[in-house]
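Quick note: the coordinates plus some simple rules give every number you see, no bench work behind them. Owing to the predicted nature of the structure, the values given are computational and were not obtained by experimental measurement. All Cβ positions, even for glycine, are placed from backbone atoms using ideal geometry, and neighbour counts span all protein chains on display.
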Amino acid sequence: MTGGTGFIGSHTVVELQQAGYQVVIVDDLSNSKVDVIDAIEKITGIRPEFANFDLSDRAKTLAFFLKNSDVKAVIHFAAFKAVGESVTKPLEYYRNNVNSLLNILESMKLSGVSSLVFSSSCTVYGQPKQLPVTESTPRLPAESPYGNTKAINEDIIRDFCHAEPSIKGLALRYFNPIGAHPSALIGESPVGVPNNLVPYITQTAAGLRKELSIFGNDYNTPDGTPIRDYIDVVDLAKAHVVAIKRLLEGKNKANYEFFNIGTGRGLSVLELVNAFMKSTGVNLPYKIVGRRAGDIEKIWADTSLANNELGWKAVVPIEETLLNAWKWEKNVRNLK
Ligand code: WQD
């Protein structure tokens, strides 16, 4: 698995190990810490193997695959993922996110690895005209170079799998991943000031930030704040286990498939803030400020294809997800 010491990757390692899979993590630690591996071992009792190198290095990537000939499948998370940063540093984003995938696909072919699950994003839909979003909803030009690398990488996988029928690809289009493992031993650890809503909320609740700024309440939504489909990270991790199983057991219906992975429920920023306060009992200071550039107004998923085809459904209630996020934050800050 690439990016296995990251937020979604680490939770997926736990679920894969608990489902009986042997996992080797490849990560360059550019946006995560190696002590996540100790935490994974604490949760599952199994220490994943770890290879520390940059997947955008073609020679190192090929050497890894040729050396690890028992690898059967790849889950590819590793990517730069800060939307705002991608706007100011587009070449770094295209070089890292696209070259890494090209190296992985080339190495899979040369070393006989058959299956790839790719971490994609609902960002490929832009601001959809119709809601909820299904897999037939047309992709729209991405709002950022980051989002564009997700769309480009989906197309690269599609074309490669069509050219190499022995290789099967499956993209999971995540909506908004949030929360933390119930053990509070792994969770989201943004570097610096969090861009995303939930880590900013938990850091505000922990007293690291003065107050949450809500970016705009003049949208065309019931309470004026933007709507998203927030999905629990453990539910999301479990979707990767069923996706890998589908490919390894040859249950895929085409050699490239993609699925929306969300809850099917839209929540506004204010609704999420209120759910956090209700589930944790913490009063969260916030103020309404201007809109954030690049934000879309509303998006949530139609998840019937994943529910019916993958037999997967999000089950963790939002209050539990937010409570787990808060428990993780308190653990990280040694708060009671
Ligand atoms: C959610 C809502 C903000 C912070 C991004 C990426 C997407 C995916 C998930 C990787 C928005 C509001 C936020 C804050 C706020 N990432 N907000 N105050 O932008 O929906 O999606 O992360 O795959 O690709 O685009 O997530 O958490 O940044 O924002 O009001 O301090 O919270 O305006 O409405 P987003 P987010």
>> At 7 Å along Cα-to-Cβ for each site, give me the label-to-label distance between residue 163 and residue 223 in nm.
In response: 4.9 nm
> Label point 7 Å out from residue 88 along Cα-to-Cβ: which residues of segment 120-163 have amide N under 18 Å?
Replying inline: 144-147
> What residue among 111, 136, 100 shows peak mean-square fluctuation when the chain is described by a Gaussian network model with Cα springs under 10 Å?
Replying inline: 136
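Under the Kirkwood approximation applied to all pairs of distinct alpha-carbon atoms, what is the hydrodynamic radius of the chain in Å?
20.3 Å
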> Comparing 88, 303, 263, which has the greatest mean-square fluctuation in the GNM of the chain with Cα pairs linked when under 10 Å apart?
Replying inline: 88
>> Going 7 Å from the Cα of residue 253 along its beta-carbon direction, which residues of segment 284-311 have the amide nitrogen within less than 13 Å of the resulting point?
In response: 304-311
> Under unit Cβ charges (Lys, Arg +1; Asp, Glu -1), what dipole magnitude, rounded to 20 debye, does segment 203-272 have relative to its Cα centre?
Replying inline: 380 debye
> If you keep only loop residues by DSSP, which GluC sites (Glu not before Pro) in segment 227-336 have at most 10 other Cβ atoms within 10 Å of their Cβ?
Replying inline: 249
>> Relative contact order for segment 183-288: what percent, with Cα pairs under 8 Å and sequence separation of 6 or more?
In response: 36 percent
> Net charge near residue 292, counting Lys/Arg +1 and Asp/Glu -1 over other residues with Cβ under 15 Å of its Cβ?
Replying inline: -1
> When the dipole is taken about the Cα centre of segment 7-333, and only Lys, Arg (+1) and Asp, Glu (-1) are charged at their Cβ, what size is it in debye, to the nearest 20?
Replying inline: 80 debye
> Out of segment 22-70, which chymotrypsin sites (Phe, Trp or Tyr not before Pro) are coil in DSSP terms and have no more than 15 other C-beta atoms within 10 Å?
Replying inline: 53
>> Test of understanding: in a Gaussian network model of the chain with alpha carbons linked when under 10 Å, which of 202, 44, 123 would top the mean-square fluctuation ranking?
In response: 44
> Where a Cα-Cα gap under 19 Å defines reach, which lysines qualify for residue 109, not counting those fewer than 8 residues away within the same chain?
Replying inline: 60, 67, 72, 168
> Using θ = phi - 60° and the Karplus curve 6.51 cos²θ - 1.76 cosθ + 1.60, what whole-Hz ³J(HN,Hα) does each residue of segment 141-156 get, with Gly and Pro shown as x?
Replying inline: x, 5, 7, 7, x, 4, x, 5, 5, 5, 5, 4, 5, 4, 5, 5
>> Sequence gap at least 6, Cα distance under 8 Å: using those rules, report the relative contact order of the chain to the nearest whole percent.
In response: 19 percent
> residue 287: which aspartates and glutamates have alpha carbons under 16 Å from its alpha carbon, excluding same-chain residues fewer than 8 sequence positions away?
Replying inline: 211, 218, 223, 271
>> At a 10 Å Cβ-Cβ cut-off, how would you order 161, 122, fewest neighbours first?
In response: 161, 122
>> Amide H of residue 258 versus every other amide H placed in the peptide plane: which residues, excluding those fewer than 5 positions away on the same chain, fall under 5 Å?
In response: 171
> Ordered by residue, what ³J(HN,Hα) values in Hz, to whole numbers, does segment 209-222 give under the Karplus form 6.51 cos²θ - 1.76 cosθ + 1.60, where θ = phi - 60° and Gly and Pro are x?
Replying inline: 10, 5, 7, 7, 9, 8, 7, x, 10, 10, 7, 7, 9, x
>> Just to be sure I understand the model, the point goes 7 Å from the Cα along the line to the Cβ. What's the resulting residue 129 to residue 332 distance in nm?
In response: 4.0 nm
